[in-house]
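Below is one structure; the comments refer to it alone.
Readers should treat all values here as calculations from the given coordinates under stated rules, not as data from a laboratory. Note that the structure is a prediction, hence the values are computed from the model and not measured. Using ideal geometry, Cβ is built from the backbone for each residue, glycine included, and neighbour counts are taken over all protein chains shown.
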Amino acid sequence: MFKSQQYRAKAAEYGELIKHSSGQGESHKLQELQERHAELADNEQGLANNYESAVNVAEQDRARGEALVAEEEHVLRCLGAAVIMQWNALPKTLQREIFDTAGSVGKLLETAALRGQIARFLHKHKNDASAKEISAADMHQNAKSSAAALSRWDDEGGAVPDGLPK
């Protein structure tokens, strides 16, 4: 690959040939070659000058990407923990859908192993369903008291007008 100095040397050679050219057509062709090599030299020099900054930008992009991945991983962990904390309150059909979806997230060949890990995790961390299950009357009472608390919160100025803050 040519370097900037090589292109400039070649442009200088064409400049010397122009001085000794015999005709207008030959002179014009050599002039074009000289200009082309001068442009190539400028481009090569620009690439060399910008190489360091381009490498630094790539490093910054990589670091930004790693930070984004870490943030997303944190969010996914929080969402997963929230689902697990509410697992027994979820309808069985929703539990099955979540289990199936989570089991298919991994690589195809590792699906069976992942599903086994998830099943063991859920079994190990499940709450005592008989002690924690809420009767229909209790659920209705909890819903009424939650609605009353939300109404009090609204009355006390806790509600955000026009939806979420921007």
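Couple of notes before you dig in:
- Residue order, fewest to most beta carbons within 10 Å, for F99, F121: F121, F99
- Prolate/oblate/rounded call for the stretch 20-77, Cα gyration tensor, a/c under 1.5 rounded: prolate
- From least to most packed, judged by other beta carbons within 10 angstrom and beginning with the fewest, L94, L122 follow the order L94, L122.
- Label zone at K126 (point 7 Å along Cα-to-Cβ), backbone N below 11 Å, the stretch 88-115: 88
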